[in-house]
Amino acid sequence: MALIGCIGESSGKWQRLNAVEFDEAIEEIEDAYLLDTRTQAEWENDGHIVNATLIPHNEIDARASELPEDKDTTILLYCRSGNRSQTAAQTLLDLGYTDVRDLETGIVGWKDAGYPVLYGP
């Protein structure tokens with residue numbers, strides 16, 4: 001796992017995981033917070049990972065109260081292809097979260113790897 005992103009003022013980690021590593025993290029980290037950073041339309045039309053919470057990447061600051069109170073909670077996040085989740089990961093670090101991991105291939109790579117998604121609201 002490569003460590004990516006800024007580790008400046010916050011002591012947080014930002015890791016990019018492939019689909020296998022992301023699935024393992026979902027299975028192994030009991031209290032991980034699974035965050036989908038796409039739009040509502042993408043969530044409904046393109047499917048989402050089971051137990052994910054939708055907060056679009058550009059709304060994370062405004063909706064920070066919906067995130068875990070414990071800044072050490074592992075946050076597993078994804079977007080469509082792995083671009084917006086990088087912006088979201090940096091926002092989470094800026095908010096003080098210390099263990100942020102994003103799906104480098106996004107949900108497109110997740111589905112390509114054969115992992116399931118749910119469709120609908």
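Things worth noting here:
- The chain, relative contact order [Cα under 8 Å, separation at least 6], %: 35 percent
- Note on the chain: with a GNM built from Cα contacts shorter than 10 Å, the maximum mean-square fluctuation among Ala52, Ala64, Ala19 falls on Ala64.
- Within the stretch 72-96, backbone nitrogen closer than 17 Å to the virtual label 7 Å beyond the Cα of Ala62 toward Cβ: 88, 91-92
- Dipole of the chain, positive end: most advanced residue of Pro121, Ile60, Asn45 [Cβ charges, Cα centre]: Asn45
- Computed over neighbours whose Cβ is under 15 Å from that of Thr39, the net charge equals -1, Lys and Arg +1, Asp and Glu -1.
- In a simple Cβ point-charge model (Lys, Arg +1; Asp, Glu -1; nothing else charged), the chain has a dipole of about 420 debye relative to its Cα centre.
- For the chain, the longest principal axis of the alpha carbon atoms and the long axis of helix 19-28 meet at an angle near 70°.
- Volume per residue of the C-alpha convex hull in the chain, rounded to whole Å³: 92 Å³
- Straightening the chain between Asn18 and Lys71 buys 16.7 nm, computed as 0.36 nm per residue apart minus the Cα-Cα spacing.
- Only DSSP H runs of four or more residues enter the estimate; each adds -39500 (n - 2.57), and after division by the residues of the chain the mean residue ellipticity at 222 nm equals -8000 deg cm²/dmol.
Read-outs throughout are calculated quantities, based only on the coordinates presented, and are distinct from any laboratory measurement. Quick caveat: nothing in here was measured; it's all calculated off a predicted structure. Here the Cβ is made from the backbone with ideal geometry for all residues, glycine too, and neighbour counts use every protein chain on show.
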